[in-house]
Amino acid sequence: NAGVTQTPKFRVLKTGQSMTLLCAQDMNHEYMYWYRQDPGMGLRLIHYSVGEGTTAKGEVPDGYNVSRLKKQNFLLGLESAAPSQTSVYFCASSFPLIYTQYFGPGTRLTVL
Amino acid sequence: AQSVAQPEDQVNVAEGNPLTVKCTYSVSGNPYLFWYVQYPNRGLQFLLKYITGDNLVKGSYGFEAEFNKSQTSFHLKKPSALVSDSALYFCAVRDRGSTLGRLYFGRGTQLTVWP
């Protein structure tokens, strides 16, 4: 039981490049979330999903897209990376009606 | 609107002394409340939560938190701090009436326990 895993762990991009971050969970959770963590800002919700095939915007969705084609996977895409997207990205998942979220180890992204 | 405030960016305490990390919240209804801990270069780990019942909640690693509805607070406490407790601590809240399941996090409090 691996819990929540994230790929890759580190990435450096140039401005304008695109990439996809992958989150996978093996706990059969319905809900999945993408956060970004910046110094002094805590965690801010980017997008979330309450089930396969459904996604919704969080607090800071601009510049990101997501997809939830399979229940266990939640993908975060950056179509045209900007230096302001330099951050640590965390994925989390939870059951509905329980709401304890379980977090992945994070992806550290630098955009030059 | 839902929000969480952690009024202290940093808390420093000597090993063996009691520690308190403060959290206050604002929700439109009754809250679910959580504490998470983050060690360097790691993801967030769940410590404890308040859903209902006893206002004093016990969690992992000897931590506990007290829910105070009148003061809208959920302070994290430990009777005797360890150097290994040094980490970044996050408080989070969810409105019980919300169906969306999302949490609102505070900005975090860096706890340093010195030997």
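Each value in this text was obtained by applying a stated rule to the coordinates, not by laboratory testing. Here the structure is a predicted model, which is why all the values come from computation and not from measurement. Cβ coordinates were reconstructed from backbone atoms using ideal geometry, including for glycine residues, and neighbour counts include every protein chain displayed.
Spin-label pair B:Leu82-B:Gln45: with each label point 7 Å from Cα along the Cα-Cβ axis, the two points sit 0.9 nm from one another. PRE reach from A:Gln72 (point 7 Å along Cα→Cβ): which of the stretch A:9-43 fall under 14 Å by backbone N? Counting backbone N atoms under 14 Å from the label point, the list is A:23-30.
In the protein assembly as shown, a dipole from Cβ-located charges (positive for Lys and Arg, negative for Asp and Glu) runs towards its positive end, and of A:Asn1, A:Gln101, B:His75 it is A:Asn1 whose Cα lies farthest in that direction.
Taking the Cα centre of chain B as the origin, how large is its charge dipole in debye, to the nearest 20, when only Lys and Arg (+1) and Asp and Glu (-1) carry charge on their Cβ atoms?
Details: 11 positive and 8 negative charges, 67 e Å.
Here chain B has a charge dipole of around 320 debye.
Shape class for chain A: prolate, because the ratio a/c of the largest to smallest gyration tensor axis (alpha-carbon atoms, square roots of eigenvalues) is 1.5 or more and a/b beats b/c.
The spacing between the stretch B:48-100 and the stretch A:81-106, judged by their C-alpha centroids, is 20 Å. I want the local charge near B:Lys78. Using Cβ-Cβ distances under 14 Å, sum +1 for each Lys or Arg and -1 for each Asp or Glu among the other residues. With Lys, Arg at +1 and Asp, Glu at -1, the neighbours total -1. For the protein assembly as shown, just say rounded, prolate or oblate: build the C-alpha gyration tensor, square-root its eigenvalues into a ≥ b ≥ c, call rounded for a/c under 1.5, and beyond that prolate if a/b exceeds b/c, oblate if not. Prolate shape, in that a/c is at least 1.5 and a/b is the bigger ratio. Counting only aspartates and glutamates at least 8 places from B:Lys22 when in the same chain, those with an alpha carbon closer than 13 Å to its own are B:Glu8, B:Asp9, B:Glu64, B:Glu66.
Rounded if a/c is under 1.5, else prolate if a/b is larger than b/c, else oblate: which is the stretch B:18-88, with a ≥ b ≥ c the root eigenvalues of its Cα gyration tensor? Judged from the Cα gyration tensor, the stretch B:18-88 comes out prolate (a/c at least 1.5, a/b above b/c).
Taking 18 Å as the straight-line reach from the Cα of B:Lys69, the aspartates and glutamates in range (excluding those fewer than 8 positions away in the same chain) are B:Asp54, B:Asp95.
Pairs from the list A:Lys14/A:Lys57; B:Lys49/B:Lys77; A:Lys71/B:Lys49; A:Lys9/B:Lys49 with a Cα-Cα gap above 18 Å: A:Lys14/A:Lys57; A:Lys71/B:Lys49; A:Lys9/B:Lys49. So, R0 is 30 Å and r is the distance between the beta-carbons of B:Thr52 and A:Leu22; what FRET efficiency does that work out to, to 0.05? Efficiency for this residue pair is about 0.25.
Taking the Cα centre of the protein assembly as shown as origin, sum charge times position over the Cβ atoms of Lys and Arg (+1) and Asp and Glu (-1), and report the length of that vector in debye to the nearest 20.
With only Lys, Arg, Asp and Glu charged at Cβ, the dipole is about 300 debye.
Strictly under 4.7 angstrom between C-beta atoms: which cysteines of the protein assembly as shown have no such partner? Cysteines lacking a close Cβ partner in the protein assembly as shown: none.
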